[in-house]
1. For residues that are over 15 Å from the mean Cα position of the chain (by Cα) and acidic (Asp, Glu), scanning just segment 8-25, find the one that is most open to solvent (accessible area, probe 1.4 Å).
2. Just checking, how many residues over segment 13-37 are part of a loop (DSSP other than H, G, I, E, B) and touching a helix residue (DSSP H, G or I) at 6+ places or on another chain (Cβ under 7 Å)?
3. Please verify whether ALA54 is part of a helix (DSSP H, G or I) and more than 14 Å from the chain's Cα centre (by Cα), treating the condition exactly as stated.
4. Is there a residue in segment 54-66 that is of a type outside the set (A, V, I, L, M), out of contact with any Phe, Trp or Tyr (no Cβ under 9 Å at 6 or more places or on another chain) and surrounded by fewer than 10 Cβ atoms within 10 Å (Cβ to Cβ)?
5. Mind checking which residues of segment 26-46 are surrounded by 11 or more Cβ atoms within 10 Å (Cβ to Cβ) and among the hydrophobic types (A, V, I, L, M, F, W, C)?
6. Kindly list the number of the only condition in (1) at pLDDT 90 or above; (2) open to solvent by 80 Å² or more (accessible area, probe 1.4 Å) that fails for LYS69.
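The values are calculated or read from the model by the stated rules, or taken from the named source; none is laboratory data. Owing to the predicted nature of the structure, the values given are computational and were not obtained by experimental measurement. No Cβ is skipped: glycine too gets one built from the backbone with ideal geometry, and neighbour counts run over all protein chains shown. Ligands, DNA and RNA are stripped out before the accessible areas are found, and what is left, the full protein with its side chains, is counted by its heavy atoms. Shrake-Rupley method; radii C 1.70, N 1.55, O 1.52, S 1.80 Å.
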Amino acid sequence: MAEQSTLPASDLIDLAAVDRAHAAANKEALLEHARMGRPVCEGRDGKVVWITPAEIFARYGLDEFGRPKPE
């Protein structure tokens, strides 16, 4: 009989750290698409909408070329 593996207890998982890691990975993926000039789609209000690279940059406080905005 094979031994069953168990997942760590939920109190041992830092859910906030998991959320931060997911948000960072999502941001980097969106910015990578934008840097290549590719729009991406996302769901809004039950509909699929396309987000332009300029909109992606603006979401993260960058100019339309993906550079930090001057102060």
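1. ASP11
2. The total comes to 1.
3. Against the criterion (part of a helix (DSSP H, G or I) and more than 14 Å from the chain's Cα centre (by Cα)), ALA54 qualifies.
4. yes
5. Those that are surrounded by 11 or more Cβ atoms within 10 Å (Cβ to Cβ) and among the hydrophobic types (A, V, I, L, M, F, W, C): ALA29, LEU30, LEU31, ALA34, VAL40.
6. Failed condition: (1).
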